[in-house]
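Below: one structure, written as structure tokens.
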Amino acid sequence: MKKYLFFAAACAALLSVSCTKENNVPAKVGATTLEASLSPLVKTTIDGVKVSWAKGDAISVNGVGSESLSQGGATASFTLTSEVNAPYCAVYPPYIYYGDEIVELSDVMFLDQCTSIPMAAYSDSKTSLSFKPLTAIIKIPVTGEEGVSLATVTLKGNGDEQISGPFGIDYTVPELIGGLDGTYKTITVNCENAPLSSTPTYIYIPVPAGTYASGLEIEFKTASDITITKGTNARTLAVGELRSMPEVHIAAAAPTGIYNAEDLIAFAEAVNSGAVDLSKWQNEAGEIALMADIDLSSYSEWTPIGYPEVKVANGANSSGPEGAVFTGIFNGGGHTIKNFKPTVSVKNNNTWGLFGVLKAATVKDLVINCDITISAEAKGDAGVVAGTMICSTVSNVTVNGKLTTAGNKKDNNRFALGGIAGYICGHSENGPSTIENCEVTLSVAGNSGANTKSGATGVMFGGMAGYSTTDSGGSVTNAITDCTFRGEIKLDAGRVSGILATAYCNTALTRCTTYADQTNAFVNARIGNVLSYAGDNAALYDCVNYGNLFISNEKTHVGGIVGLLDKTSNIVEGGANYGNIYSANADSPRHSGLIGGNLVRFDHISGVTVSGKLAVYGGDFFAVDASNFMDYIGPVGEGFADKITGLTYVAP
């Protein structure tokens, strides 16, 4: 086929071939000619090139190949080399035929074969065949500096999926119906040292349709052995879909940066030793640059990047680490740190994460796949990305996996856990801390250990962060913005939330959404599925909860959005609750509500959409409707009812 033989998914343009036997006898097709014409969609253009047959094309019918076309065009005549009986099972290109019910997708192909998109057709007796695609296709534009030649491009699924080799086929649909040999996990395109330039060379790789939950990895290797690896997040590919990837540019010399686990550990050791020169891991912009996906499966322990071994001393309104911290910009480049599976015991007055302490630092464009088991010896803070953020930013970071905790070994010692960060702190002189455009999908399980407290000295978990504060009387506001939490939480602890557990002071949550269900049996907890505790100048703007809460202790305060509003400066504007609440104290005395568990004091609550259902744990739902829903938003402090305006009820 021509170089651009494919179709846009939005147009669903499929190649159709009409096969006609001379004398119109449908039962057999002998050494005769098949007239193959394209459907009217031939006028559809892909990248400016019309879809058509090309010189050299051939097909296979019931394992019998045709002669190659002597010329291309919108229509073509294929001559089979022997007689074929109905039903007719046809494939293109012919070499993918592997048996009556099997096709084989190439695990190695040359650049000029990449546009031979696997297709199949079926007819029980008719002489016309309609070819349809069997795979999706990944399109990758590659550019390079003068003198760079591309040797190979290799694609694989990060979940060890079979993406080449033998597959079963149902010709009647047609569709692939499952891989038959799981050892075929890669597809390599031999580019034969094709020279690169500023004009993109397009690589097309046929890939079986389906969900690649751990994403895809694509490795580019040059003739001079420069290797660049790019990764994706989870992808679902449909049959007939053309999925374009961002352009990949290859320099004449391998750029500096972090390419493997050994590089990452060497970088961490340099930071922790106080090294000033980090240039071997920096890009031209001076950022620490992750250049490939990193596999940490060989490491069951992890010393954080920026680890102050002396102490951290994260207080109610300040943080004073003594020792190494990370102060630069870490650019993940969209790459994934996978198999991050340490077992951790956080030392007293310390912190833990991929990064220990970020101070005036930024971490961006990173994916982390984790399975972490963690506890604390006494007071401590921990997050998947960072244990502690001081006047720092985490942006466009995705976290997937599991977090299991045994809580704290000592009572009345705060242990703050977060899907992104444990403890975040801002300061009037150096600015706030910010978490933005992050998505966390975690299965969280465990308990608070020996810690029985539900206040600021208890065990707490937030999908983004555990604890947020600024300097006392500070003029900056920490921000958690446009973040999403998914997964599930089965954690018996004092403050647990899908976004933030404790907003001790000066913290704004904006356009954050949680979809996670939560189960919690802790005694006298403060639970909100967006925010558990709102302290001074804590505000929520347009935040939404879709998760259900199952709270079995009758002393616990539980709200769909917030657990406890406790200060006259608190604000809840816009947003919604759509989750159901099952609370052991939903009848009397009631500390549960579709908005909040206890709305003691606040500046105002306005414009919130109220939905979801409220029930006694293990019992029936209350009859909530548009006429009485205000009675079920949560207990309101005396004198504050008139500060609630503009609420809308939507029946669940």
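The values are calculated or read from the model by the stated rules, or taken from the named source; none is laboratory data. Values in this document were obtained by computation on a predicted structure and should not be read as measured data. Backbone-built Cβ (ideal geometry, glycine too); neighbour counts: all protein chains shown. With ligands, DNA and RNA removed, areas are computed over all heavy atoms of the protein, side chains included. Shrake-Rupley method; radii C 1.70, N 1.55, O 1.52, S 1.80 Å.
Under 8 Å for C-alpha pairs, at least 6 residues apart: give me the relative contact order for the chain, rounded to a whole percent. Rounded, it is 6 percent for the chain. For region 297-429, the Kirkwood estimate of hydrodynamic radius, built from reciprocal distances between every pair of different alpha carbons, is 14.5 Å. With 24 Å as the limit, the listed pairs Lys453/Lys567; Lys55/Lys132; Lys230/Lys490 have Lys230/Lys490 beyond it between alpha carbons.
Accessible surface for Glu219 stands near 60 Å², nearest 10, in the context of the full protein assembly shown (1.4 Å probe). Dividing the Cα radius of gyration of the chain by 2.2 N^0.38 Å, with N the residue count, gives 1.15.
A simple rule links phi to the HN-Hα coupling: the Karplus curve 6.51 cos²θ - 1.76 cosθ + 1.60 with θ = phi - 60°, which for region 361-370 gives 10, 9, 10, 9, 6, 9, 10, 10, 9, 9 Hz, with x for Gly and Pro. Peptides 55-67, 478-490, 412-424 ranked from most to least packed, by the mean per-residue count of other Cβ atoms within 10 Å: 412-424, 478-490, 55-67. Hydrodynamic radius of region 526-574 by the Kirkwood approach over all distinct alpha-carbon pairs: 11.2 Å. Working note: Debye formula, equal point scatterers on the alpha-carbon atoms of region 445-588, no solvent; log10 I(q)/I(0) at q = 0.10, 0.19 Å⁻¹ is -0.28, -1.03. Amide H contacts under 5 Å for Val108: Thr188, restricted to partners 5 or more places along the chain or on a different chain, H placed in the peptide plane at 1.01 Å from N. For region 222-311, the share of alpha carbon pairs falling in successive 5 Å distance bins from zero is 2, 11, 16, 19, 17, 14, 10, 6, 3, 1, 1, 0 percent.
Let me check against my output: what whole-number percent is the relative contact order of region 243-376, with C-alpha pairs under 8 Å and at least 6 apart? Show your work: numbers first, answer last.
Numbers: 270 pairs, mean separation 32.9, N = 134.
Computed over region 243-376, the figure is 25 percent.
Peptides 275-287, 340-352 ranked from most to least packed, by the mean per-residue count of other Cβ atoms within 10 Å: 340-352, 275-287. From the phi of every residue in region 225-241, what ³J(HN,Hα) in whole Hz does the Karplus formula 6.51 cos²θ - 1.76 cosθ + 1.60 yield, where θ is phi - 60° and glycine or proline is x? My calculation for region 225-241 gives 6, 7, 10, 10, 10, 10, x, 10, 6, 3, 9, 10, 10, 9, 4, x, 8 Hz in order.
Please report the base-10 log of the normalised intensity I(q)/I(0) for region 358-443, using a Debye sum with one equal scatterer per alpha carbon and no solvent, at each q in 0.23, 0.26 (1/Å). For the requested q values the scattering log ratios are -1.08, -1.21.
If only the Cβ of Lys and Arg carry +1 and only the Cβ of Asp and Glu carry -1, the dipole of the chain around its Cα centre is close to 840 debye. Since only Leu180, Ala626, Ile228 are under comparison, the one whose Cα sits farthest along the positive direction of the charge dipole of the chain, derived from C-beta charges on Lys, Arg, Asp and Glu, is Ala626. Protection proxy ranking of 131-143, 531-543, by the mean of other Cβ atoms within 10 Å over each peptide's residues and highest first, is 531-543, 131-143. Determine the shape class of region 476-518: with a ≥ b ≥ c the square roots of the Cα gyration tensor eigenvalues, call it rounded for a/c under 1.5, and otherwise prolate if a/b is greater than b/c, oblate otherwise. It comes out oblate by the Cα gyration axes.
Between amide H atoms placed 1.01 Å from N, distances below 5 Å from Val363 occur with Phe330, Thr393, Val394, Ser395, all of them 5 or more places distant or on a separate chain. Taking square-rooted eigenvalues a ≥ b ≥ c of the alpha carbon gyration tensor, is region 80-214 rounded, prolate or oblate, where a/c under 1.5 means rounded and, failing that, a/b exceeding b/c means prolate? Judged from the Cα gyration tensor, region 80-214 comes out prolate (a/c at least 1.5, a/b above b/c). With an a/c value of 1.5 or above and a/b not larger than b/c for the gyration tensor axes a ≥ b ≥ c computed over the alpha-carbon atoms, region 383-537 is described as oblate.
Amide H contacts of Gly144: Ser197, Ser198, Ile250, each under 5 Å away and 5 or more positions distant or on a separate chain (H built 1.01 Å from N in the peptide plane; Pro and chain starts excluded). At 1.4 Å probe size, with the rest of the protein present, what percent of the exposed accessible area of the chain is carbon and sulfur atoms? Roughly 47 percent, rounded to a whole number.
Taken per residue, the accessible surface of the chain reaches 38 Å², heavy atoms only and a 1.4 Å probe.
Quick one: compute the contact order of region 233-316, relative version, from alpha carbon pairs under 8 angstrom and 6+ residues apart, as a percent. Write out the running numbers ahead of the final one.
On the way: 57 pairs, mean separation 26.7, N = 84.
So the answer I get is 32 percent.
Over the Cα atoms of region 528-644, the radius of gyration divided by the Kirkwood radius equals 0.93; this is the Rg/Rh ratio. Taking the square roots of five times each eigenvalue of the Cα gyration tensor of region 576-643, the equivalent ellipsoid has semi-axes of 20, 14, 10 Å, listed largest first.
Given all pairs of different Cα atoms, what value in angstroms does the Kirkwood hydrodynamic radius of region 139-225 take? Mind dumping the intermediate values first?
Numbers: mean 1/r = 0.0691 Å⁻¹.
Hydrodynamic radius (Kirkwood, Cα pairs) of region 139-225 is 14.5 Å.
For the chain, the antiparallel share of DSSP beta bridges with both residues in that region comes to about 30%. Calculated on C-alpha atoms, the gyration radius of region 178-286 divided by its Kirkwood radius gives an Rg/Rh of 1.03. Over all other residues within a Cβ to Cβ distance under 12 Å of Ser345, the charged ones net out to 0, with Lys and Arg as +1 and Asp and Glu as -1. Here the alpha carbons of region 251-372 define both size measures, Rg and Dmax, at 14.5, 51 Å. Evaluating 6.51 cos²θ - 1.76 cosθ + 1.60 at θ = phi - 60° for every residue in region 450-465, the Karplus couplings come out as 7, 7, 9, 8, 10, x, 5, 10, x, 8, 9, 9, x, x, 9, 8 Hz, glycine and proline recorded as x. Rounded to the nearest 500, the 222 nm mean residue ellipticity of the chain from helices alone is -500 deg cm²/dmol, with -39,500 (n - 2.57) taken per DSSP H run of at least 4 residues. The spacing between region 81-106 and region 568-642, judged by their C-alpha centroids, is 64 Å. Only Cα sites of region 189-250 enter the Debye sum here, all with the same form factor; the resulting log10 I(q)/I(0) across q = 0.12 1/Å is -0.36, listed in q order. Once the Cα atoms of helix 261-272 and of the chain are each reduced to a long axis, what angle between those two axes, in degrees from 0 to 90 to the nearest 10, is obtained? So the inclination is approximately 30 degrees.
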